[in-house]
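Asks: Here it is, the structure, as structure tokens.
Only the coordinates and a few stated rules stand behind these numbers; no lab work does. Predicted model only: the values in this text are computed from it and were never measured. Cβ atoms come from the backbone with ideal geometry, glycine included; neighbour counts cover every protein chain shown.
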């Protein structure tokens, strides 16, 4: 049993002709039957004909037999009559009666002969001759004739014997013919019987076979029905069969479990309410043509054989189920009633995936569209396949005019543009490929193209994705930057020249100070001395004191000049950095200084001083100033206490010098490191106010720093730090 | 002490009159150096040293040049260079007496063949003392070629 109707839902009437296409041993089973029949009929006909021939021959034979009998009887009577007559004549008999020739005895067979030869003219003539001879004989016998009895008897007997002989000969011939006919008849009878037997055999065979076929057909029908039922009940496709009345679909005739599950209800419910009752209530009808609704109407009206739709149903729980619904109408052949078959496949999951996929696609697309960079995909032939809004803006052309055109067309240098995407195909990627995009209006846009190949799901390269970055602004800024840089370069050069000039001026200025400013001071002091020496005796005490004040101030000014020059010189000196044993350096400086203090009691306690990196001569200045200060400002202490220490902290090393001297007010801490800034009066503690400024400057040049902490009359602590590795000085030494 | 045979015992090249006066004072206070020729600039110094009018003997009498560096017209280092360039004065003792403590001046002075470099102290007593000792040393103790016979 072949089910030809499965794949195409649009071809209804699946159960018509399920038995039509059955293979048969013969195209027409009646043929052999007819052949056998006609053979049998032919045989019978031939038989009958032969029978008739035999019968007629038998009849002829019987007549011949009777003719022979009659002839014999006639001959016997003739012979007896003749004998009697002879006897009478010889007197042996006197019985007249016996002389009486019994005509009756010969007439009866003669009559028979005449009757038998009635249809045979030859025989009739023979019989008539016989009769006349017989009559002649009788007369002769009775003596009525002059002719002797012997004379009449002989031709009579000859006639009789001739006729008898002829008849016997005929009889023998006919007997042979009869026997032949009988043999043929028997053969024919046998053939006919055989034909009938064959006929009966074929009929029986056909009957049996037909019975088998009917049984097989019935079995296949049952199997088909079972299969249909199994399929109907076990398929995951929801199926509803509904009778179509004049008013459209009625209640469902039959639904399967899958449909009930799909709609979340029971079969009974479904069959009662009908499938359309579960349709999702649709929103307000859309304007314009509604092909789907029209198609459905056409289907229900019977003008459309089948329909496939995506429809939304409402489950009993209220959830929406999306289905792929195939509907077709089947017309029952016998009753012409129409049935609507609805096959529903649940595609809710697919629908939801489709929805999220669409959202993703829309999201991705929106990203591409909202990009400010012109983007395009290019086919392997270099044709634009897709563009985003930025490309439309950049070229001034609508998408329809862009897609399909050669990518290279839109650039000022098409050959280079072509080379760019060919490079992508050969190398897989290009980065920051500079091109100039031409707008419809002629405006040029310098861009940098970044492009790479993209592939289909099988990994086959199918095109290039290219994104341009508008670098108009960048180019403009680069230009500005270039000119700015050039200007800056010029400025730096100018400033460097100025600086070097200033340095030279400063150099000569310092030279002037060191040389020329001292001379007048020396003169003031020298001539004051000369005055004291030459005219001292003419001056009183006050006069000599005044001259001494003049000399003191000249000396102080000399000291200031010296310090200032030292500050300038050490500050400008190029750093020559080496590892420095700070403890050796500091202890050496302290020893030198303490030597100068004579019998002052100064207690210096030393902590470990880690080594440092720096210019030993300048670091010596640092220790010299800090230690000298500590010694100087503890001058009023009977026993001065100075603590020196150091430690590595992170990537720098710290040192400190603490004293218990005069200290200072933290309110003026910001003036500690200024040049000529002093926190003590000159008559308390002498000094130029250059020392700490110089220390700070040296430390700054090493990348270090210094801080001071003090309290009036309670001492001061100076902490300075140096990086473990001194950064190279980038600029020229500061003035 | 008479100066008949040694009219040019010491040449002082100094543009500052006050310094010159104090220097001469200091030299005289030693009673050793009486014959001091004072010129006020480099050109004048060279004119004195290299004048054809100067007798070779007279030049030979010159025992010391005290040379300031900051001089009008021709500066002290140039004067020194020319002294050393001239055969007759090549071996002449030249002591730089200046206010400059610049290292570069020191280096250049010695490079050019200065015999000594003295920074003038601001403090006049120290200055006078230094100059006096300088005079004593160079005029009395120092010997030059040709002197020892």
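Asks: Specify whether the C-alpha gyration tensor of region A:489-533 places it in the rounded, prolate or oblate class, a ≥ b ≥ c being the square roots of the eigenvalues: rounded for a/c under 1.5, otherwise prolate if a/b is larger than b/c and oblate if not.
Replies: On the way: a/c = 11.26, a/b = 8.86, b/c = 1.27.
Prolate, because a/c is 1.5 or more and a/b exceeds b/c.
Asks: Rounded, prolate or oblate: which one fits region B:82-149, using the alpha carbon gyration tensor with axes a ≥ b ≥ c (rounded when a/c is under 1.5, else prolate when a/b beats b/c, else oblate)? Could you put the intermediate results ahead of the total?
Replies: On the way: a/c = 3.29, a/b = 1.25, b/c = 2.63.
Here region B:82-149 falls in the oblate category.
Asks: Can I ask one more? Please compute the modelled spin-label separation between residue A:454 and residue B:87, points set 7 Å along Cα→Cβ, answer in nm with one decimal.
Replies: 9.8 nm
Asks: Right, here's the next one. Contour minus end-to-end for residue A:498 and residue A:597, with contour as 0.36 nm per residue of separation and end-to-end as the Cα-Cα distance? Display every interim value, and only then the final one.
Replies: On the way: separation 99, 0.36 × 99 = 35.64 nm, distance 4.65 nm.
Taking residue A:498 through residue A:597 to full extension adds about 31.0 nm, to one decimal.
Asks: Determine the relative contact order of region A:471-572: mean sequence separation of Cα pairs under 8 Å and six or more apart, normalised by residue count, in whole percent. Please report the intermediate quantities before stating the final value.
Replies: Numbers: 26 pairs, mean separation 31.4, N = 102.
Dividing the mean separation by the residue count of region A:471-572 yields 31 percent.
Asks: Above 46 Å lies some portion of the pair distances; for the protein assembly as shown, what is it as a whole percent of all C-alpha pairs? Walk me through the numbers before you get to the answer.
Replies: Values: 282998 of 390286 pairs.
Above the 46 Å cut-off, the protein assembly as shown has 73 percent of its Cα pairs.
Asks: Cα centroid distance between region A:147-182 and region A:666-692, in Å?
Replies: Between the Cα centres of region A:147-182 and region A:666-692 lies a distance of 202 Å.
Asks: Something else now. Using the Cα gyration tensor of region B:10-139, with a ≥ b ≥ c the square roots of its eigenvalues, what is the shape: rounded (a/c below 1.5), prolate (a/b larger than b/c) or oblate (neither)? Could you put the intermediate results ahead of the total?
Replies: Details: a/c = 1.61, a/b = 1.18, b/c = 1.36.
It is oblate, given that a/c is not under 1.5 and a/b is not larger than b/c.
Asks: Still on this structure, I have one more. What does the convex hull of the alpha-carbon atoms of region A:30-207 project to on average, in nm²? Can you show the working numbers first?
Replies: Numbers: hull surface 53.8 nm².
Here the figure is 13.5 nm², rounded to one decimal.
Asks: Let me ask something else about it. Between region A:378-403 and region A:563-594, what's the alpha-carbon centroid distance in Å?
Replies: 74 Å
Asks: Sticking with this one: Cα-based Rg (one decimal) and Dmax (whole number) for region A:371-470, in Å?
Replies: In order Rg, Dmax, the Cα atoms of region A:371-470 give 12.4, 42 Å.
Asks: For chain B, calculate the relative contact order in percent as a whole number, restricting contacts to Cα pairs under 8 Å that are 6 or more residues apart. If you can, show how the numbers build up before the last one.
Replies: On the way: 225 pairs, mean separation 37.4, N = 149.
Contact order relative to length: 25 percent.
Asks: Let me ask something additional. Rounded to whole Å, give me the distance from the Cα center of region B:21-41 to that of region A:207-222.
Replies: Region B:21-41 and region A:207-222 have Cα centres separated by 163 Å.
Asks: Over region A:573-723, what number does the Rg to Rh ratio reach, with both radii from the alpha-carbon atoms and Rh per Kirkwood? Let's see the in-between values first.
Replies: Working: Rg = 14.6 Å, Rh = 15.5 Å.
Looking at region A:573-723, the ratio lands at 0.94.
Asks: Provide the gained length on full extension for the span residue A:208 to residue A:292, in nm with one decimal, where the gain is 0.36 nm per separating residue minus the Cα-Cα distance. Mind showing how you got there, number by number?
Replies: Values: separation 84, 0.36 × 84 = 30.24 nm, distance 5.56 nm.
Computed gain between residue A:208 and residue A:292 is 24.7 nm.
Asks: Considering Cα pairs under 8 angstrom that are at least six residues apart, work out the relative contact order of chain A and quote it in whole percent.
Replies: Relative contact order, chain A: 6 percent.
Asks: Given 37 °C and 0.692 mPa s, how large is the Stokes-Einstein diffusion coefficient of region A:474-605 in µm²/s, with Rh as the Kirkwood radius over Cα pairs?
Replies: Numbers: Rh = 20.8 Å.
In µm²/s, the coefficient is 158.
Asks: Find the Cα radius of gyration of region A:515-586, compare it with 2.2 N^0.38 Å by division, and give the number to two decimals.
Replies: Numbers: Rg = 19.6 Å, N = 72, 2.2 N^0.38 = 11.2 Å.
Taking the Cα Rg and dividing by 2.2 N^0.38 Å, one obtains 1.75.
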